[in-house]
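The values are calculated or read from the model by the stated rules, or taken from the named source; none is laboratory data. These figures come from a predicted structure and were not determined experimentally. Cβ placement follows ideal geometry from the backbone for every residue including glycine, while neighbour counts extend to all protein chains displayed.
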Amino acid sequence: MTPDDWQTGFVKSLGVFLNGDTLPDPDRRGRRLSDDTFLLLSSAHYDEISFLLPGEKMGQQWLTDLGTAASSTRPETRLAGTTVAVAAYSLQILRRYSLIQPSRRHAGLAPPVRGLVGR
């Protein structure tokens, strides 16, 4: 972001990258902690807003874990560098997902089953 971006008097969207691989504190035994990586996409606009997902360096695939829009009925996997449409006045939370290197917390687990998200 530029200094001018910080001075804008209005904001209609916000994206936040939460990197689970850069947690600063070790566990009780001094071992490095890591967790899933999330991308929060928020729209406060009256119309749909498009977000560009980060490039492959930040994650090759993203799985929709939560969507607050009425049309958010099932999880979707999206590729790095593609566009995600976020509905008006809604939030989407995407989790970095990889078939090759599953998350340490979710190792061996399949992605959420369709129709069970949000229950």
message = Exactly one condition in (1) of a type in the set (Lys, Arg); (2) under 15 Å from residue 93 (Cα atoms); (3) over 20 Å from the mean Cα position of the chain (by Cα) is false for residue 74; which is it?
response = (3)
request  = Kindly indicate the residue of region 1-34 that is in contact (Cβ under 8 Å) with a residue 40 or more places away in the chain and under 21 Å from residue 67 (Cβ atoms) and also nearest to the chain's Cα centre (by Cα) among those meeting that condition.
outcome  = 17
request  = Answer yes or no: is there a residue in region 100-109 that is among the polar types (S, T, N, Q) and modelled with pLDDT of 80 or more.
outcome  = no
message = For residue 71, only one of the following conditions fails: (1) over 27 Å from residue 9 (Cβ atoms); (2) at pLDDT below 90; (3) surrounded by 11 or more Cβ atoms within 10 Å (Cβ to Cβ). What is its number?
response = (3)
Any chance residue 115 is modelled with pLDDT of 60 or more, in a loop (DSSP other than H, G, I, E, B) and at positive phi = no
note = When every residue in region 1-48 that is in contact with a strand residue (DSSP E or B) (Cβ under 8 Å, 6 or more places away or on another chain) and hydroxyl-bearing (Ser, Thr, Tyr) is compared, the one surrounded by the fewest Cβ atoms within 10 Å (Cβ to Cβ) is 13
ask   = Somewhere in region 60-71, is a residue in contact (Cβ under 8 Å) with a residue 60 or more places away in the chain and of a type outside the set (Gly, Ala, Ser)?
value = no
Matching residues in region 1-14 - criterion: being in a loop (DSSP other than H, G, I, E, B) and among the charged types (D, E, K, R) = 12
message = For region 54-63, which positions are touching a strand residue (DSSP E or B) at 6+ places or on another chain (Cβ under 6 Å) and either modelled with pLDDT of 90 or more or surrounded by fewer than 19 Cβ atoms within 10 Å (Cβ to Cβ) (or both)?
response = 61, 62, 63
task = For residue 17, state whether it is more than 20 Å from residue 88 (Cα to Cα) and assigned to a strand (DSSP E or B).
result = yes
